[in-house]
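Read the figures in this text as sums done on the coordinates, not as results from a lab. All values reported here derive from a predicted model rather than from experimental measurement. All Cβ positions, even for glycine, are placed from backbone atoms using ideal geometry, and neighbour counts span all protein chains on display.
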Amino acid sequence: MSQATAPRASHVPQGSAASRSPLTVMSVVGARPQFVKLAPIDRAFRAAGIEHVIVHTGQHYDALLSDVFFSDLGISAPDEHLGIGSGSHGAQTGAMLAAMDEVITARAPQWVLVYGDTNSTLAGALSAVKIHVPVAHLEAGLRSFDRRMPEEINRVLTDHAADLLLTPTEVGARHLADEGLADKTVVVGDVMTDVLLDVRDRVAGSPSPIAAGMGLEAGSYSLATIHRAENTDDAARLSAILDSLAGADHPVVLLAHPRLVAKCSEHGIALADRGSLRVHPPLPYPELIASALSARGIITDSGGLQKEAFLLRAPCTTVRPQTEWVETVNLGWNVLVEPGQALVDAASRTRPTEPADADAHPYGDGHAAARVVQALTEHLPG
């Protein structure tokens, strides 16, 4: 593991808990992938005696994409729920910023910890840095190099605003070094690996909820999710994706994200079973992992699910031109495709070979959360 020198100091505002013990960290989350990453962090903070303030922005307001994650993963209940809900990028981020200023000032944490690449990430970072509270970015340094993606903009801006960059991989560290941010960077591994391995072991041997509930044989179906703006905002592209899923040579179970449902309704596209396509509501995280373990493959545009598929050794087909998780592609377990025959063919490809031992664990050993605790403790500005 590489570790750079301590990050630059940041002023902690008057009235904060700078000298208070224990350390106080505020986590800002709002979307499904962030709840997964929060689980091992929350456990590690509790074990270390760190006072943990959890702020839920409400970016994912559907119960299956929010509430059940806290209960299923044993996460402490949010201390603050902003209830922002949906909206355009500007309206949503602006509403979060307005609410976060008040919450950060009132709670006075020593660190604000933001996760990933959502509007919640950017709003939490901007709010904290503007009132001079130190910011740490978990999952820093990821780059797809596609500035058309709002997530890419969120990543880059957050990295350049933050005081401490907690990157999951050596590739991420190199990206940050290329942008002049090496002195703020610490490689900690991927906290999603921590929680995924734990959940995998808990559900191993359990029947797949998808197989059992839909009368499918284990290993006969692909599990799919589609939700990103670049795939859902354009009606023609979204129709082409759904047509491709329906045209596969095996059942494809599409877990219908609320954004997908809303966009299909807006575009007048019927989101219903046809051909090989089977539409199903989103799953709680343990059921998602159990169903992925029994799937022949994963089809997605989600960053998190690409990586989860690799860790579960489920071949992944990603409906995007780029990915921030380049290791999954380089090791042969992820294929980037456009809608149409390329998507159909990739979803039906044969299983790749297992990566060599030296390459098998690019996302860490399942102990990333402990390294996050160490980094936040050692690099506290002041």
Highest mean packing first, using Cβ neighbours within 10 angstrom, the peptides 292-301, 229-238, 198-207 sort as 292-301, 229-238, 198-207
Once both label points are put 7 Å beyond Cα along the C-beta direction, the Glu217-Asp72 separation in nm becomes 2.7 nm
With a Förster distance of 22 angstrom and the Cβ-Cβ distance between Arg46 and His81, calculated FRET efficiency to the nearest 0.05 equals 0.65
Looking only at lysines whose Cα falls under 16 Å of Lys37's and that sit 8 or more positions away or on another chain, we get Lys307
In degrees rounded to 10, the 0-90 angle between helix 119-130 Cα long axis and the longest Cα principal axis of the chain is 10 degrees
Semi-axes (Å, rounded, descending) of the ellipsoid equivalent to segment 164-245 per its C-alpha gyration tensor are 35, 25, 8
GNM on the chain, Cα springs under 10 Å; top mean-square fluctuation among Leu38, Leu311, Leu216 goes to Leu216
Expressed in nanometres to one decimal, the distance between label points 7 Å along Cα→Cβ at Leu157 and Thr350 is 4.7 nm
Site His89, offset 7 angstrom along Cα→Cβ, radius 13 Å on amide nitrogen, limited to segment 140-177, gives 146-158
Cα extents of segment 199-359 per principal axis, largest first, Å, are 47, 33, 25
Connecting every pair of Cα atoms under 10 Å apart in the chain and solving the GNM, the largest mean-square fluctuation among Lys263, Lys307, Lys184 falls on Lys263
Residue span Asp101 to Asp359: 0.36 nm per residue of separation minus Cα-Cα distance leaves a gain in nm of 88.6 nm
note: the chain, Cα-Cα separations exceeding 31 Å make up a percent value of 33 percent
Checked segment 43-177 against the a/c 1.5 cut and the a/b vs b/c comparison, axes a ≥ b ≥ c from its Cα gyration tensor; verdict rounded
Taking R0 as 45 Å and r as the Cβ-Cβ distance between Lys130 and Arg237, the FRET efficiency 1/(1 + (r/R0)^6), rounded to the nearest 0.05, comes to 0.75
Expected max-MSF residue from Thr105, Thr350, Thr169 in the GNM of the chain (alpha carbon, under 10 Å) is Thr350
So, with points 7 Å from each Cα along the Cβ direction, the Asp183-Arg313 label distance in nm works out to 4.5 nm
About its Cα centre, segment 199-359 carries a charge dipole, from +1 on Lys and Arg Cβ atoms and -1 on Asp and Glu Cβ atoms, whose size in debye to the nearest 20 is 300 debye
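For segment 199-359, what is the percent of antiparallel DSSP beta bridges, rounded to the nearest 5?
Values: 1 of 18 bridges.
Approximately 5 percent, going by the DSSP bridge assignments.
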Taking r as the C-beta separation of Arg174 and Gln374 and R0 as 22 Å, the FRET efficiency to the nearest 0.05 is 0.50
